[in-house]
Amino acid sequence: MNSTKQPFDWLPTPETIEHSRLSAFLRQVGEASFESLSSRADIDPAWLMQEVFDFCDMRFYKPYTQMLDTSRGIEFARWCVGGSTNIVLNCLDRHRDTPVWDQIFLVWEGEDPKNRRTLTYREFDAEVCRLAGGLLTLGITRGDRVGLYMPNLPETFIAFFAVLKIGAVLMPLFSGFGPLPIASRLNDGQAKAVLTVDAAWRRGSPAAMKSVLDEALKEVPSVQHVIVLRHPGDIHPNYPMQSDRDHDWGHIVACQPSTLETVQIETDQPALILYTSGTTGKPKGCIWTHISFLGSMVTRDMHICGDFQQKDRFFFMSDMGWMVGAMCACIPSYFGGSLFVAEGTPDFPDTGRFWRLIQEHKVTYLGIAPTLIRGLMTYGEEQVDSYDLSSLRITCSGGEAWTESAWRWFFEHVCKKRVPIINIVGGTEVGGCNFTGTLHHPLRPGSFGARGLGAGVDIVNENGQSVERGNVGELVLRNPNIGMTMGLWQDDNRYLDTYWRTIPGVWVHGDFAICDENGLYYILGRSDDTIKISGKRTGPSEIETLLSGTGKIHEAAVIGVHDEIKGSAIACICVPLHGFPSDEALKKELSEAIVHQMGASYRPVSILLVRELPKTRNMKIMRRVLRSVYENNNPGDLSSLVNPETVEEIREIYKKLINYK
């Protein structure tokens, strides 16, 4: 966390504040400031959501009779009781017969920049209707679960809306998954069908997807239909089609009409099941309804607080298997904006690709993860400085805590100290923001300007009591939040154990947080990553910032390990920057950097220098996995890791270190 004695790095101008959507919302509800709005929303979250719906023109087929029902307890709160709607109604159908209908919605570029496509809202909706009609002819209907295993293609987003349009339940899967994680998720949801592609381009080479799915489906008896798209990038791999199960995408949509009525769905019925990793056992299936994600992330958080507007072009380079995929689909479409989609990686076919995409496609609203920026930093500031990024109006970051060096690099070289970084944090389980940035709040590295609206966000001690500013505590939610998962798929007891029973009646999110003396908030890592040294609790990001501040470390993960004297001690796992040798001299320098700033009691018991850190496919560093290596325990669910091979590599390095000692 940045010192509160330093000046703010960015301050909103009076003009920025005046023209923000947040100011327009404050005027609507008659509140003078965000702080007064936040207080009122915490007292009456139902009032807040009614105002959000009115401000954002949320649409229903059948009006609800009760905004919030907590008769079963806040753990199982129901929203918009008695009403019916559909995500497609609010994101596509609303624009029919308006000027938006013939404006560009989606722009796509493949790994080969020659492969490009553009779809207007009218054209996109026609493809959604054709695919939805094709699914209906296969007997897929409301309530059926449908897997989506595809890379970033226009058809991925067409499939997203087509499944929801007919009232089926979408199960997004990471496009890089192998057979085991695919099978476990499809079995958990008892999926009836899966939409996929023959293969995808990955760093210039075709990567099979249909054959991987085929292997997974040997263990998934519930799947009756597989709809296979031929990749538009001329891959043409040789893959078998199972005659009684597999269907060519082009064939099933060819004779379908370009219009189709959207199915009306009760507001408390599932729309998506998104899986997030569990510490042990199988992944957790989080349930979003047709109103939850739109009411939380899309309208309240990203429009009112984050200032996304119709004039914006949204770009967040992520996979559909993470909640950002749903953000990309719903945020621009709800407000009549446009979406840019890129297949592949940000640094291929050249290391400046990410910045070129922003320049050429005039991105105005850019989403990023700190890990992405740390990776692009290694190519040097000259790389980004050679591109014109003046189209950017707002950047949005999420997924993990920032290190100060990465935040400052991004703010200086990408934002040019002009464009604000709307920092958000929440999770698949809450479908929205626990902390958020706004255009009313100043910025420091890694800071959040405010608590999420209406959720009763608090920072507490072990007894559930609010801590004072400057003290580290557990992030909790005291109110039901419209975006919260409606339990875990077919496992209510696990849902209660995971989120509600640590401090009875309070949602414990699992993040370690602090509020500084100026009212800015910071996430310090997962609370199960807490390090307690000589009685003082410390978040890993505080120490990781010191390591990266040496200028010799690309990434670092700090974990707490058992110590006979202090209770806990620090172990550091670091990825050196290119050009710095992985030797004892570097370890000593890193150790001294921590001791110099934190004190001798924080001297690491060990420092491992490794090739890369284990990360999920949304680029979160898995510290619990690293801790399991030290403790020689089962690391639990690894299915969401993008690089599971690193776990054994680090284990071998640690074994050598123990033998050396």
### Message
Can you tell me which condition residue 193 does not meet? The list is (1) buried (at least 21 other Cβ atoms within 10 Å of the Cβ); (2) over 26 Å from the mean Cα position of the chain (by Cα); (3) under 13 Å from residue 146 (Cβ atoms), and all the others hold.
### Response
(2)
## Note on the structure
Picked from the range 629-654 (must be open to solvent by less than 20 Å² (accessible area, probe 1.4 Å) and over 21 Å from residue 180 (Cα atoms)), the residue modelled with the lowest pLDDT is 629
### Task
Quickly run through the range 351-381 and pick out the residues that are among the β-branched types (Val, Ile, Thr) and over 18 Å from residue 445 (Cα atoms).
351, 358, 363, 364, 378
### Task
Only strands (runs of 3 or more DSSP E) wholly contained in the range 156-254 count here; list those with 1 or more residues that are in contact with an Asp or Glu (Cβ under 9 Å, 6 or more places away or on another chain), more than 27 Å from residue 489 (Cβ to Cβ) and not β-branched (Val, Ile, Thr).
199-202, 205-208
#### Entry: Matching residues, the range 430-452, being in a loop (DSSP other than H, G, I, E, B) and either over 14 Å from the mean Cα position of the chain (by Cα) or closer than 18 Å to residue 10 by Cα (or both)
437, 438, 439, 440, 441, 442, 444, 445, 446, 447, 449, 452
### Failed criterion for residue 161 (all others in (1) closer than 21 Å to residue 106 by Cβ; (2) out of contact with any helix residue (DSSP H, G or I) (no Cβ under 6 Å at 6 or more places or on another chain); (3) aromatic (Phe, Trp, Tyr) hold)
(2)
### Query
Restricted to the range 103-162, and to residues that are within 25 Å of residue 207 (Cβ to Cβ) and of a type in the set (Ser, Thr, Tyr), which residue is surrounded by the fewest Cβ atoms within 10 Å (Cβ to Cβ)?
156
### Message
Please pick out the residue among 270, 283 that is modelled with pLDDT under 95 and either surrounded by fewer than 21 Cβ atoms within 10 Å (Cβ to Cβ) or over 30 Å from residue 624 (Cα atoms) (or both).
### Response
283
### Task
Hey, can you tell me all the residues within the range 552-580 that are under 22 Å from residue 371 (Cα atoms), part of a loop (DSSP other than H, G, I, E, B) and either within 31 Å of the chain's Cα centre (by Cα) or not aromatic (Phe, Trp, Tyr) (or both)?
552, 577, 578, 579
### Query
Can you name every residue in the range 581-594 that is open to solvent by 60 Å² or more (accessible area, probe 1.4 Å) and part of a helix (DSSP H, G or I)?
584, 585, 588, 589, 592
### Task
Scan the range 486-503 and give yes if some residue there is open to solvent by 10 Å² or more (accessible area, probe 1.4 Å), at pLDDT below 95 and farther than 20 Å from residue 74 by Cα, otherwise no.
no
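The values are calculated or read from the model by the stated rules, or taken from the named source; none is laboratory data. Note that the structure is a prediction, hence the values are computed from the model and not measured. Every residue, glycine as well, gets a Cβ built from its backbone with ideal geometry; the counts of neighbours run over all protein chains shown. Surface accessibility is based on the protein's heavy atoms, side chains included, excluding ligands, DNA and RNA. Shrake-Rupley method; radii C 1.70, N 1.55, O 1.52, S 1.80 Å.
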